[in-house]
1. Any chance you could run the full-extension gain for A119 through R206? It's 0.36 nm times the residue separation minus the Cα-Cα distance, nm to one decimal.
2. How would segment 1-115 be classified by its alpha-carbon gyration tensor: rounded, prolate or oblate, with rounded meaning a/c under 1.5 and the a/b versus b/c comparison settling the rest?
3. Neighbouring Cβ atoms within 10 Å as the yardstick, rank E95, E84, E158 fewest first.
4. Could you list H234, H193 in order of exposure, starting from the residue whose Cβ has the fewest other Cβ atoms within 10 Å?
5. Starting from a Cα-only point model with no solvent, please compute log10 I(q)/I(0) by Debye for segment 144-183 at q = 0.20, 0.27, 0.30 1/Å.
6. For Y143 and A45, what does the FRET efficiency come to when R0 = 25 Å and r is the distance between their Cβ atoms, rounded to the nearest 0.05?
7. Which value, in debye to the nearest 20, describes the size of the charge dipole of the chain about its Cα centre when Lys and Arg Cβ atoms bear +1, Asp and Glu Cβ atoms bear -1, and nothing else is charged?
8. According to the Kirkwood expression over distinct Cα-Cα pairs, how big is the hydrodynamic radius of segment 201-245, in Å?
Amino acid sequence: MALPAGFAVDPPPLAGPALFAQDWRDVAFLHWRVHPAVVAPFMPAGTRPDTFDGDSFVALVPFEMRSASVFGAPGVPYFGDFLETNVRLYSVDDEGRHGVVFASAETSRLLIALIARAAVGVRYTWARQRATVSGAQRSWSTYRRWPQRGLRSDIAIEVGQPIGQPDDLSVFLTARWGLHTRLAGRTWWMPNHHEPWTLHDATLTRLNDGLVAGAGLKVHGPPDVALMYSPGVHTVFGAPVRVSP
C-alpha cells in the first residue's frame, strides 16, 4: 500500500511566526493497528481517522523533552526539560493535513500540564517519570499523579540498526507536521516543522502499560507494527489555524 495522494513526506514551511521550539530526544514509537471506528470518537470535529491500507493506529510514544522555549527565547530552565509519554492517534482534515490527536500526554511538570490543557487543549497529565539509558538499552517508567491517579506504564527497548530507507508505513506514522486539537469549542490545526526523523529498528524487551486503556482505547496484545526508535529532532510549532467547520 502506498502513501495517500498528496501526503507531505517533507515538512511544509511554517506560514507564520514560531510560537514554541523544543528538542525531542530518545523517542520510541510503539504502534497497534485498530479499526478506524475505534478511534473515530476521539477525533475533533472537522477531522477523521487517518488510515493506511484500511487501518488506523494507536501509538504509545515515550521521550525526553529538552530546551522547550516560547517566541524564540532561550530554553526555559527546569520547566523546559522534562519527560513525556503520550498516547496519540492519527488524524486528517478536509484540507488534507495529516496530523496527530493526543488521547493523553504524561509530563513530569504539573505547571506544563496545566498550561498545555488551557492554552493548547491537549489532555496533558501530571506524572512521576523516569528514563534510563545504558548502551543500546532504553527504558521509561510512568506513574500518573493527576488525573486518574495510579495509572502506570513501564517500557524497555533495545535499539538496533539505523533504517536506511523507511518504508511507506513508517513514513506515514512519523511524517506528521502538526496536531489537531479542540479548544474553546473549535477545532484547530497547530503546524510544526522539523527535519525528517532518523529512525532505527528496535526490539521491545518489556511492556506493562495502563496508559492506552486509561485513555479509553482498547488494543490487544503487544504492538503489531515494527518498533521504531529515534535519537530525536529539533521541532518548531507555528500559530494555530482554525479547521472548518
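1. 27.9 nm
2. prolate
3. Going from sparsest to densest Cβ surroundings: E95, E158, E84.
4. Result, fewest neighbours first: H234, H193.
5. -0.92, -0.94, -0.99
6. Values: r = 33 Å, r/R0 = 1.33.
Rounded to the nearest 0.05, the efficiency is 0.15.
7. Numbers: 22 positive and 21 negative charges, 240 e Å.
Once rounded to the nearest 20, the dipole reads 1160 debye.
8. Computed over segment 201-245, the radius equals 14.7 Å.
Taken together, the values in this text are just the output of simple stated rules run on the coordinates, not laboratory data. As the structure is a computational prediction, the values presented were derived from the model and not from experiment. Quick reminder, even Gly has a Cβ in these numbers, built from the backbone with ideal geometry, and neighbours come from all protein chains shown.
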